[in-house]
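Please treat every number below as a calculation from the coordinates, not as lab data. Predicted model only: the values in this text are computed from it and were never measured. We place every Cβ from the backbone using ideal geometry, glycine too, and count neighbours over all the protein chains shown.
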Amino acid sequence: MNPVLSDWTYPPFDQIRDEDFAPAFDTALAEARANIAAIAENPDAPTFENTIAALEGAEAALDRVAGIFYPLAGAESTNAREALQRDLAPKMSAFSSEIINNRALFARIDALDASGLTPEQARMLELYQQMFVRAGARLEGVEAERLTAVKSRLAVLGTEFGQNLLAEERGWFRDLAPEDMEGLPDFVVDAAKAASEERGREGHVLTLNRSLIVPFLQFSPRRELRRVAYEAWVARGANGNDHDNRAIAAETLALREERAKLLGYASFADYKLEPEMAKTPAAVRDLLMRVWAPAKAKAEADAEVLARMMHEDGVNGDPEPWDWRYYSEKRRVAEHDLDEAALKPYLSLDRMIEASFDVANRLFGLEFARLDVPVYHPDVRVWEVTRGGKHVAVFIGDYFARGSKRSGAWCTAMRSQKAGVAPIVMNVCNFAKGTPALLSYDDARTLFHEFGHALHQMLSNVTYGFISGTSVARDFVELPSQLYEHWLEVPEVLEKHARHYRTGEPMPGAMMERLLAALTYDQGFSTVEFLGSALVDLAFHEGAAPADPMAKQAEVLAGLGMPKAIRMRHATPHFSHVFSGDGYSSGYYSYMWSEVMDADAFAAFEEAGDYFDPKTAAKLEKHILSAGGSRDAEELYVAFRGRMPGVEALLKGRGLDA
């Protein structure tokens, strides 16, 4: 039997071959089509059980196949997997359109009402009806056919965009001569050596992986080399080669606008934001602009300080984007006596994983035990998660950068929680490999962030997989992840787990105080680069699609008065959040929308006088982490906190309230 199709409880990685996936998808799609046809053609009157609940199980085999394939395609890509992804994009889109355009099926769903249903079932019905209508179930004839074609093409474009970006990141590297490593701390040198070995080369190389290029930009005194590296980093997807993403971005935006108008919306942003907490583009813009002014003012004041430092070094002119991180790091050392090279030995990957697990144990009673099971790459680790001796989940951690892995960090579920089914949850990161792997504080925060997403999946406790875990509004999904980052700032967590990887000695108290005092350091820079991306994303989708997205990007940034030395965190040609699928399109703002809530949510623990207050943790689990999408996001937050928050806690948390 095809191992991908087997009724596995844990993916049989040791048995799976690339050639297993295509026939597995064919079989699973055929089975799903047959199941859905049976539901649509059922002669009995529609009920929740024979329609909505039946749909929940109709794609069980497809869920198993996709649950293995897509996580592997992102974390351990091969030529065969990339080719199959390209082939699958229109097939999966067509399958989705078949379901939406099944008139008999929609008639059954549309005929149902919430009478006699449980609250969770009523929510399911509401979401199913909303999903079908928003996907075009009420369209007919030429309009329905055109929408199907648009969605199919968008699926292809999203796959191409992501694969182009992976090819760009995989293809660029620069050999580093001994003199090129001047000023680089040992952890950067070790990471450059590991990157070279991963490519089968001698010596050291610089790559476009964030965990390597960012510290290089922080520490290298060689300004011209910083410029070359930075410009290669920000040029991903815009090099005029076969992997150029600019035309893909333009076509994507035009098709999104067409999709929205076919469905009766004024713009794609209006369409996309309707089911989110923000509801309207105006509400998003209001939030972002309330933060923009203080963030820009802080960044401009910081730029003046960095310019003086440059001039003292004999460098004339204003800071350039490849100067900011270098001089900001020097300033951080001078003002906070906080040297990242001295800090990293206390933040080893293994210690930070232990810290994330320990916090989850103290808050929610979870325990983690390593499992000796097959994995898809030797670097992957697997744990069983239990509580009170009972199985809760399987957690997979894949932490190191490699050429076969797309950039960034993310959480996914190979199997989602539902009644009687425990989840298999996966965190993927791109940390630089070392012996041992040492993290920057930002890396450690990323680890906690993704583990917060994992907890949202692992602690999910709903009946139906459709609303489990992170199946919530896009501007709510980042709340658990960003909230969990706060526990990395708790002194007792650092005292216990931030220990020197060689000696086991705890981080010196004075260093910890400086670290915590510097948490809002350079927030002008990081906030401005984020807001630049979020506001460009919103502008792309708020009105008519721009024929030239790069010109529109420049126009938006000029209108904002974007500081010269800061660029968007994600420029259009490598803005995978927005163009590698629909996930964060017109929704990149959601990180900040969620941050408004996470700052306020952590304050609940501070107000309780205990960062691990059992009552507050229990409320957090009940109303946020276990609830999935079983209720409206605002209703869930108010149930936890008693009210919705304002922007003040966010500004204070970023040090922008002065």
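Summary table
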item	result
Relative contact order, percent, the chain [alpha-carbon distance under 8 Å, six or more residues apart]	16 percent
D_trans [Stokes-Einstein, Kirkwood Rh over alpha-carbon pairs] for the range 209-292, 20 °C, 1.002 mPa s, µm² s⁻¹	130 µm²/s
Neighbour-count ranking [beta-carbon atoms within 10 angstrom, fewest first] of MET92, MET644	MET644, MET92
For the range 480-549, projected area of the alpha-carbon convex hull averaged over all directions, nm²	7.7 nm²
Whole-Å distance, taken between Cα centres, linking the range 560-619 and the range 157-204	29 Å
log₁₀ of I(q)/I(0) at q = 0.24 Å⁻¹ - the range 172-234, Debye sum with one point per alpha carbon	-0.99
Estimated [θ] at 222 nm from DSSP helical runs (n ≥ 4, -39500 (n - 2.57)) normalised by residues in the chain, nearest 500	-18000 deg cm²/dmol
Peptides ranked, highest mean first, by Cβ atoms within 10 Å: ranges 220-229, 176-185	220-229, 176-185
Length-normalised contact order for the range 172-234 - Cα pairs under 8 Å, 6+ apart - percent	37 percent
Helix 186-198 axis, angle to the chain major axis (alpha carbon atoms, nearest 10°)	50 degrees
Exposure proxy ranking, count of Cβ atoms within 10 Å, fewest first, for ASP600, ASP358, ASP337	ASP337, ASP358, ASP600
Gap separating the Cα centres of the range 247-274 and the range 432-466, nearest whole Å	32 Å
Whichever lysines have a C-alpha closer than 21 Å to that of LYS433, once near sequence neighbours (fewer than 8 apart) are set aside	LYS193, LYS344, LYS405
Charge dipole (the range 172-234, unit charges on Cβ, about Cα centre) - positive-most of LEU212, VAL228, ALA194	VAL228
Per-residue ³J(HN,Hα) for the range 108-120, Karplus 6.51 cos²θ - 1.76 cosθ + 1.60, θ = phi - 60°, Hz, x for Gly and Pro	5, 5, 5, 7, 7, 10, 7, 4, x, 8, 5, x, 5
Straight-distance crosslink candidates among lysines, where the alpha carbon sits under 20 Å from LYS151 and sequence neighbours closer than 8 are dropped	LYS91, LYS261, LYS272
For the range 467-617, alpha-carbon Rg relative to the globular expectation (2.2 N^0.38 Å, N residues)	1.31
Sequence-distant aspartates and glutamates (8 or more away, or on other chains) whose Cα lies within less than 18 Å of LYS418	ASP7, GLU49, GLU56, GLU59, ASP63, GLU120, GLU384, GLU621
Dipole magnitude of the chain, debye to nearest 20 (Cβ charges: Lys/Arg +1, Asp/Glu -1, about Cα centre)	280 debye
In Hz, Karplus ³J(HN,Hα) per residue of the range 331-346 (6.51, -1.76, 1.60; θ = phi - 60°; x = Gly, Pro)	5, 4, 4, 5, 8, 10, 6, 10, 9, 4, 5, 7, 7, 4, x, 8
Per residue, the convex hull volume that the Cα atoms of the range 305-410 enclose (Å³)	171 Å³
Percentage, to the nearest whole number, of Cα pairs in the range 397-506 over 22 Å apart	41 percent
Contact order normalised by residue count of the range 18-138, Cα under 8 Å, 6+ apart, percent	32 percent
Directionally averaged shadow of the range 18-138, computed from the convex hull of its alpha-carbon atoms, nm²	8.0 nm²
Whole-Å semi-axes of the ellipsoid equivalent to the chain (Cα gyration tensor, √5λ, descending)	39, 28, 26
Ranking of GLU49, GLU489 by count of other Cβ atoms within 10 Å, fewest first	GLU49, GLU489
Alpha-carbon centroid distance for the pair the range 97-122 / the range 343-381, whole angstrom	42 Å
Overall form of the range 53-99 per C-alpha gyration tensor (a/c, 1.5; a/b vs b/c)	oblate
In sequence order, calculated HN-Hα J values of the range 598-603 (Karplus, 6.51, -1.76, 1.60; Hz; x Gly/Pro)	5, 5, 6, 5, 5, 4
